[in-house]
Amino acid sequence: MLSYGSAVGLGLIKGLVQVKPTTAYFYFKNNGCRGSCAFCPQSTTAQGGSKRIARVDWPEFSIDETMNVLQNDIWFRRICIQCSDEPMVKEQLPQLIGKFKKSCELPISVSTSPLSREQMEKIRNAGAERLTIPIDCANAKLLPLIKGKDMKDILNALEAAVDVFGPGKVGSHLIIGLGETEMDAVLLMHQLQKEGIVPSLFAFTPVAGSRMERSVPPNMEKYRRMQIARHLLVEKGQDISIFNFDLEGRLVGLDISSAEFKRIFEGGDMLMVHGCPDCNRPYFNERITGPIYNYAKMPEANELLPIEGELVGLAKGDQV
């Protein structure tokens, strides 16, 4: 399965895209995902057999057809293989990566549920450059209810992945809006960053057919605070001590100057999609009409000013 934008970009279907993806996104499955993620219409607990992941449609194509068009593609700069949680998929993954490597020279990222160290080494040797193992829910007590997995097991797999792929070549996703506090998310991002794991953010998106289809997306201001926190921890290397939380775990202040806070918004990088290099994930979280959680292209100045104005009270000296 290819994301809609990827299929359009490769000329496999006709369609219009507002922002063309710079990574070609693939979803590799066999009989169907065995995961139980409450937010995903692909999980065993979902209803209706949706072909969506997040907000995106994923049409199906044969591997041979896909490889043929990839050989002549000049647009995409990376391949991302997202994997169904199935033993057979993990077993066949090195072979699929090998086919991609024969068809094109693009770097390959893999996003999957936890693998054994041996499986990690096999996909690295087959040609995968980066590995992402999503945590998704930043609260360890809620994680088994949301994903049916244990936080410790995922963190152990991520630690092993750093040994296999190297620091900075391993990532994890956090989905904001799954019941975690802002403190949960910030502390986990800090832990991941210290261990050489790159965290990236998604906003929870209710999708028809999933167990959480009637839940609501996160408040936009909460999401912006988490984007600021990620930027300071991951891009600027700030210490966890600069973050101030209230008794409910809400981020209420940052021990940085107003001038430094203002510089965060210059250029809009804080608001962009972050993950592997050349990943822009257009509209995985949002409608074209907005609101925009993660920008797939650099936001305009008139988009930045209202956001800065809403959150400027976090800076030291501005806090009430």
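Values for this structure:
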quantity	calculated
Evaluation of Ser257 against (1) at pLDDT below 95; (2) among the small types (Gly, Ala, Ser); (3) farther than 23 Å from Leu304 by Cβ (one fails), failing number	(3)
Given (1) of a type in the set (Asp, Glu); (2) under 17 Å from the mean Cα position of the chain (by Cα); (3) surrounded by fewer than 21 Cβ atoms within 10 Å (Cβ to Cβ), index of the condition Asp85 fails	(3)
Out of Val69, Val56, Val110, sole residue that is on the phi < 0 side of the Ramachandran plot and surrounded by fewer than 21 Cβ atoms within 10 Å (Cβ to Cβ)	Val69
Search result, residues across region 141-153 that are surrounded by 16 or more Cβ atoms within 10 Å (Cβ to Cβ) and either farther than 16 Å from Ile197 by Cβ or at pLDDT below 95 (or both)	Leu142, Leu143, Ile146, Lys147, Gly148, Lys149
Candidates Gly267, Gly253, Gly249, filtered to the one that is out of contact with any helix residue (DSSP H, G or I) (no Cβ under 8 Å at 6 or more places or on another chain), in contact (Cβ under 8 Å) with a residue 12 or more places away in the chain and not charged (D, E, K, R)	Gly267
Qualifying residue in region 180-188 (condition: crowded, with 16+ Cβ neighbours inside 10 Å, at pLDDT below 95, outside any helix (DSSP H, G or I) and of a type outside the set (S, T, N, Q))	no
Count - residues of region 116-165 that are part of a helix (DSSP H, G or I) and out of contact with any helix residue (DSSP H, G or I) (no Cβ under 9 Å at 6 or more places or on another chain)	8
Where Gly177 falls short, out of the listed (1) within 20 Å of Asn294 (Cα to Cα); (2) surrounded by fewer than 22 Cβ atoms within 10 Å (Cβ to Cβ); (3) out of contact with any His (no Cβ under 7 Å at 6 or more places or on another chain)	(2)
Helices (runs of 4 or more DSSP H) completely within region 1-106 that count 3 or more residues being touching a residue at least 24 places away in the same chain (Cβ under 8 Å) and not small (Gly, Ala, Ser)	63-70, 87-103
Test: residue in region 156-167 that is of a type in the set (D, E, K, R), buried (at least 22 other Cβ atoms within 10 Å of the Cβ) and within 19 Å of the chain's Cα centre (by Cα)	no
Residues located in region 277-296, provided they are hydrophobic (A, V, I, L, M, F, W, C) and closer than 12 Å to Leu201 by Cα	Phe284
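To keep it simple, each residue is scored yes or no on (1) in contact with a helix residue (DSSP H, G or I) (Cβ under 7 Å, 6 or more places away or on another chain); (2) surrounded by fewer than 19 Cβ atoms within 10 Å (Cβ to Cβ); (3) over 30 Å from Thr23 (Cβ atoms).
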{"residue": "Ile228", "(1), (2), (3)": "yes, no, no"}
{"residue": "Leu233", "(1), (2), (3)": "yes, no, no"}
{"residue": "Asp239", "(1), (2), (3)": "no, yes, yes"}
{"residue": "Asn280", "(1), (2), (3)": "no, no, no"}
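The values are calculated or read from the model by the stated rules, or taken from the named source; none is laboratory data. As the structure is a prediction and not an experimental result, all values here were calculated from the model. Cβ sites come from the backbone with ideal geometry, for glycine too, and all protein chains shown count toward neighbours.
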